[in-house]
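Trainee: Below is the structure I would like to discuss, written out as structure tokens.
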Amino acid sequence: MDTLNIEFRYVRIYLEQLLGKKIDERLDAELRKYPEIYSSYWSKYSVKIPKKLSEISGLAWKEASVACYLVGKHRSFSDPLSITTYEKEGPFLDTLTHELIHRLVYQNQERLPGFWNWLKQKHPDATQLTLNHVPVFAVQKALYIDVFGENGAELQRIKPVSIKDDYSLAWEIVDKESYVEIIKMMKNSQSEQA
């Protein structure tokens, strides 16, 4: 399947559990607006982005729908899908597509052992966090260029250049190896298991 329905949810108790503290009524009222805002942002891309992610990666969605929890300023993560709240559409789309790619790759782990072996052999000193982000950033870059044109690459998360952390090292690998070559290797090394 190459489509994915996303239901945006704000659940106060979920956010309070993540934060380890109660949130005030003002913040609660503000966050209650975001499911509608994000549904509006996402509606423009809800068919195209999941389909393109599947086409670019060669991987199929294993779920027809997913709940996406909105978590204020808490960091985003892919499972359960939880997204930081942003006022602007660009950072929201960037974060959501990033976490969706993580989900897509994770759901298809059994098809990617050859890719992971290749990546680990090429970059034996890279951390697992860095290696996990190489296919994510490669697919994300291809998606942005495909959906938004050459300027679409500017929508990507700002590549950290002042510090050498796991994320910036993943970007360096994507830039050095070429996102096109990484995706090609990812597709060519997929096993037929589903």
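Nothing in this text is a laboratory measurement; each read-out follows from the coordinates by a stated rule. Values in this document were obtained by computation on a predicted structure and should not be read as measured data. So basically every Cβ, Gly included, is an ideal-geometry build from the backbone, and we count neighbours across all protein chains shown.
Trainee: Rounding to the nearest 20 debye, state how big the charge dipole of the range 5-107 is about its Cα centre with +1 on each Lys and Arg Cβ and -1 on each Asp and Glu Cβ.
Mentor: Around 80 debye, computed over the range 5-107.
Trainee: So how far, in whole Å, is the C-alpha centre of the range 1-76 from the one of the range 99-143?
Mentor: Comparing the Cα centres of the range 1-76 and the range 99-143, I get a distance of 22 Å.
Trainee: Separate question: Round to the nearest 10 and give me the degree value, 0 to 90, for the angle of helix 48-57's Cα axis relative to the longest principal axis of the chain.
Mentor: 30 degrees
Trainee: Then there is this: Nearest 5 percent is fine: what portion of the DSSP beta bridges confined to the chain is antiparallel?
Mentor: 20 percent
Trainee: Rounded to the nearest 500, what is the 222 nm mean residue ellipticity of the chain from helices alone, with -39500 (n - 2.57) per DSSP H run of 4+ residues and division by all residues?
Mentor: -17000 deg cm²/dmol
Trainee: Roughly how many debye, to the nearest 20, is the charge dipole of the chain about its Cα centre, given +1 on each Lys and Arg Cβ, -1 on each Asp and Glu Cβ, and no other charges?
Mentor: On the way: 26 positive and 27 negative charges, 26 e Å.
About 120 debye.
Trainee: Enter the angle in degrees (range 0 to 90, nearest 10) between the Cα long axis of helix 179-188 and the first principal axis of the Cα atoms of the chain, meaning the one along which they spread out most.
Mentor: 70 degrees
Trainee: What ranking do Val105, Val134, Val47 get, fewest neighbouring Cβ atoms within 10 angstrom at the top?
Mentor: Final ranking by Cβ density, sparse to dense: Val47, Val105, Val134.
Trainee: Can you list residues from other chains, or at least 5 along the same chain, whose modelled amide H is less than 5 Å from the amide H of Phe8?
Mentor: Hits under the 5 Å cutoff: Cys68.
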